Amino acid sequence: MKKCVALTGAGISAESGLQTFRDSDGLWEGWRIEDVCTPEAFARQPQVVIDFYNERRRKAAAAEPNAAHKALAELEKYYDVQIITQNVDNLHERAGSSKVLHLHGELDKLRSTADETDIMPWNGDQKPSDCDRYGNPLRPHIVWFGEAVPLMDKAARMVCGADIVMVVGTSLQVYPAASLLHYARSDASVYLVDPKPNLNGVRAEVLAKKAAEGVPQLVGELIAAARREQG
Ligand code: APR
């Protein structure tokens, strides 16, 4: 099977009702990154940060995968599909994608502030008093600005190995995630689905459409190509 990597961002979840970050009605219009999305913010005002993620966790739990998430799950019948997402919601998994790498963490997990490998599933609200088994406070399992992106090397290797790279719903403004595209092989087919595409010099075939329309269209074309190759 050919390998297909889908690099997704907040735009793929927009039609599921979840805010993006940098659109006019985005999260960073209502919140300052330095107040809710840095380790310093968590040290300074943990309740504000915990409340921010509690609200996002509730909204993500209430959201449903849309046609774009579902189309990528369907694609697994014809390609070896690896999702690399900047999103912290679990809509790809709930749509049926079996290989999902979260570059920036996951809303439905918390981890110990004393041991970053002590990660636990968490579906409800976090309270500041919630602790690990040794009594250390917990924190959202999210990569905050200024923190390392532990899965970046693994993600880069996946893009290097891809025959097809799809970029869906990301402004490609946040590094190192945005640099992943540069790992695409010169012989790889690269597609970008975004209603307001910002190529940043990227070599890609652009579908200037919303994800729920553009991704099923692209997936349909890829499935037809796979069927032709299978004869
Ligand atoms: N379908 C497809 N794309 C869409 C849609 C849609 N319905 N609506 C908006 N978009 C596009 C926008 O045009 C934009 O290019 O999605 C992109 C959203 O960009 P951002 O809001 O910057 O989100 P993202 O690229 O995922 O942000 C990256 O920044 O704040 C950090 O950690 C956070 O993971 C996040 C990272």
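Some notes on this structure:
- Under-5 Å amide H pairs with Lys99, H placed in peptide plane, nonlocal only: Ile83
- Ordering of 133-141, 9-17, 117-125 by packing [mean C-beta count within 10 Å, highest first]: 9-17, 133-141, 117-125
- Mean Kyte hydropathy of -1.0 or more with a Cα span along the axis of at least 18 Å, helices from DSSP in the chain: 46-62, 211-230
- At the residue level, Trp31 shows approximately 90 square angstrom of accessible surface with a 1.4 angstrom probe and all protein chains present.
- Cα gyration tensor, the stretch 148-231 - rounded (a/c under 1.5), prolate or oblate: oblate
- Sorting 194-200, 210-216 by average packing, meaning the other beta carbons within 10 Å per residue, from highest down gives 210-216, 194-200.
- Full-stretch length increase - Ala61, Glu221 - with 0.36 nm per residue and alpha-carbon distance subtracted: 54.5 nm
- Residues in the stretch 74-105 reached by a label modelled at Glu205 [backbone nitrogen below 13 Å; 7 Å Cα→Cβ]: none
- Residues Lys196 and Lys77, FRET efficiency given R0 of 45 Å [Cβ-Cβ distance, rounded to 0.05]: 0.90
- Whole-number percent relative contact order across the chain, with pairs defined as alpha carbons under 8 Å at least 6 apart: 24
- Of all accessible heavy-atom area on the chain, the percent that carbon and sulfur account for (1.4 Å): 51
- Remark on Lys209: its backbone amide H falls under 5 Å from those of Asp194, a criterion applied only to residues 5 or more positions apart or on other chains, H modelled at 1.01 Å from N.
- Between Met120 and Trp28, the C-beta separation translates, for a Förster distance of 22 Å, into a calculated FRET efficiency of about 0.20.
- Among the protein heavy atoms, those of Arg58 account for about 130 Å² of accessible surface (1.4 Å probe, every chain in place).
- For the chain, the per residue solvent-accessible surface stands at 48 Å², with DNA, RNA and ligands left out and a 1.4 Å probe.
- Cα shape, the chain, gyration tensor, a/c 1.5 rule: prolate
The values are calculated or read from the model by the stated rules, or taken from the named source; none is laboratory data. Keep in mind it's a predicted model, so treat the numbers as computed, not measured. FYI the Cβ positions are ideal-geometry reconstructions off the backbone, even for glycines, and counts take in every protein chain you see. These accessible areas exclude ligands, DNA and RNA; they are computed on the full protein's heavy atoms, side chains included. Shrake-Rupley method; radii C 1.70, N 1.55, O 1.52, S 1.80 Å.
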